[in-house]
Amino acid sequence: MKRVLITGAAGFLGSHLCDRFIAEGYRVVGMDNLITGDLKNIEHLFPLERFEFYHHDVSRFIHVPGELDYILHFASPASPIDYLKIPIQTLKVGSLGIHNCLGLARVKKSRLMIASTSEVYGDPTVHPQSETYWGNVNPVGPRGVYDEAKRFQEAMTMAYHTYHGLETRIVRIFNTYGPRMRLNDGRVLPAFIGQALRGEDLTVFGDGSQTRSFCYVDDLVEGIYRLLLSDYSGPVNIGNPDEITILQFAEEIIRLTGTTQKIVFKPLPTDDPKQRQPDIALARRLLGWEPAVHRSEGLKITYDYFRSLTPDELNKIEHKNFVDYVR
Ligand code: UDP
């Protein structure tokens, strides 16, 4: 039976990955410092004999007894509000954290995968973004702590691959959504659905003409799983190329939730990318992968999840948004 370590296990993506590897018959070791993760996302796994959990910060030395076939480094704050609230931790988990994971992978002779991001492309001047594009990142802007940590993480991983011959995989994740997103992480989907559920207006930043391409979490996990088992060590985009403006997205959420609230416009945060769409030709060719869940279907499932939250959970958010933090 194979054994996998997943850092960031209690987070949105980490918890879905735990579920997938458990379903595939693996032994799963979850690790999380619970700064942005939530044990609620994995509490259903605790009774399983094949699941273990370490409450640990990967930016500190990692000790895991026993063999590890795979290590998936998915620990990181992952929303613009989080980078502003905890910028140093964001930098540390992408630098010290990956260094510890790589060291562990060498000792255990594991294959290591890192969660990289479309943010390595910054505010892209090339559209759609393919893996050959090197990006347009402002290192000292509010997103710099995340973008540069992830870029460093890619460089470090590639160095261990070429210098030490470590087996590595790099997935560049584009905007992803689904159940277990944190309601207060400031990202656009929980922000809009939360606002609709609380009877507040939907806050569109800028004029809403900036675009994103949203991938349903199950599609993403499938792409990640296939990439891990492939033999390709270069970066691979995984995301859904179905691009939409943020204003259209707000209108979709209004239709989905039936809210009678309106859209209000707020200033666009600094360095907010104007457009983003993954070129997934490589993933198609290499992995035979492409997204299967249409946004209308994925949004319904996600809305049902948010609707199932208790009023306490729904109101626990800080009524501060990204723009308030930047000021
Ligand atoms: N956004 C918005 N209203 C909100 C939250 C976000 O208009 O309440 C916009 C944000 O400015 C960005 C897009 O939605 O253009 C996606 O933001 P998110 O934080 O989800 O992720 P990003 O792709 O920017 O990292």
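Each reported figure results from applying straightforward, stated rules to the coordinates on display, with no laboratory input. Bear in mind that the values here come from a model prediction, so they are computed numbers and not experimental data. Cβ placement follows ideal geometry from the backbone for every residue including glycine, while neighbour counts extend to all protein chains displayed.
So what's the net charge close to PHE265: Lys and Arg +1, Asp and Glu -1, counting the other residues with Cβ under 11 Å from its Cβ?
Result for the local shell: 0.
Dipole size in debye (nearest 20) for the chain around its Cα centre, Lys and Arg Cβ +1, Asp and Glu Cβ -1?
In total the dipole reaches around 460 debye.
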### Task
Could you let me know the centre-to-centre spacing of the stretch 49-89 and the stretch 149-179, using Cα atoms, in angstrom?
14
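Around ARG295, under 14 Å between beta carbons, what's the net of Lys plus Arg minus Asp minus Glu among the other residues?
Working: positive: ARG212, ARG255, LYS300; negative: ASP218, ASP219, ASP242, GLU243, GLU251, GLU252, GLU297.
Within the 14 Å Cβ shell, the charges total -4.
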### Query
Using the Karplus equation 6.51 cos²θ - 1.76 cosθ + 1.60 (θ = phi - 60°), what ³J(HN,Hα) coupling, rounded to whole Hz, does each residue of the stretch 31-39 give in order, writing x for Gly and Pro?
9, 6, 8, 6, 5, 10, x, 9, 4
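Computed from the mean reciprocal separation of all distinct C-alpha pairs, what Kirkwood hydrodynamic radius does the chain have, in Å?
About 20.0 Å, per the Kirkwood formula over Cα pairs.
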### Task
Rounded to whole Hz and in sequence order, give me ³J(HN,Hα) for the stretch 259-265 from the Karplus expression 6.51 cos²θ - 1.76 cosθ + 1.60, θ = phi - 60°, writing x for Gly and Pro.
5, 9, 6, 10, 8, 10, 9
## Note on the structure
Sorted by chain and number, the residues with a modelled amide H under 5 Å from that of LEU72, at a separation of 5 or more or across chains, are LEU5, ILE6, THR7, MET113
### Computed Kirkwood radius, in angstrom, where 1/r is averaged over Cα pairs of the stretch 170-327
16.6
#### Entry: Whole-angstrom gap from the stretch 289-318 to the stretch 200-255, using each part's C-alpha centre
14
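What does DSSP give for the chain in terms of the percent of beta bridges that are antiparallel, rounded to the nearest 5?
Values: 3 of 39 bridges.
Around 10 percent of the beta bridges assigned by DSSP in the chain are antiparallel ones.
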#### Entry: HN-Hα J in Hz across the stretch 77-85 - Karplus 6.51, -1.76, 1.60, θ = phi - 60°, x for Gly and Pro
x, 9, 9, x, 5, 5, 4, 6, 6
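Add -39500 (n - 2.57) for each DSSP H run of 4 or more in the chain, then divide by its residues: what number comes out at 222 nm, to the nearest 500 deg cm²/dmol?
Details: 11 runs with 127 residues, N = 327.
Calculated from helices alone, the mean residue ellipticity at 222 nm is -12000 deg cm²/dmol.
Mind ranking 220-233, 73-86, 283-296 by how tightly packed they are, going by the mean number of other C-beta atoms within 10 angstrom, highest first?
On the way: 220-233: 17.5, 73-86: 23.8, 283-296: 15.7.
Ranking the peptides 220-233, 73-86, 283-296 by packing returns 73-86, 220-233, 283-296.
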### Query
Check GLN129: other-chain or 5+ apart residues with amide H under 5 Å from its amide H, H built from backbone geometry?
GLN277, ASP279
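In Å³ and rounded to a whole number, note down the convex hull volume per residue for the Cα atoms of the stretch 90-189. Walk me through the numbers on the way to the answer.
Working: hull volume 12.7 nm³, N = 100.
Taking the convex hull of the Cα positions in the stretch 90-189, it is 127 Å³ per residue.
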### Amide H within-cut-off set for PHE205, under 5 Å, with H built and near neighbours excluded
LYS266
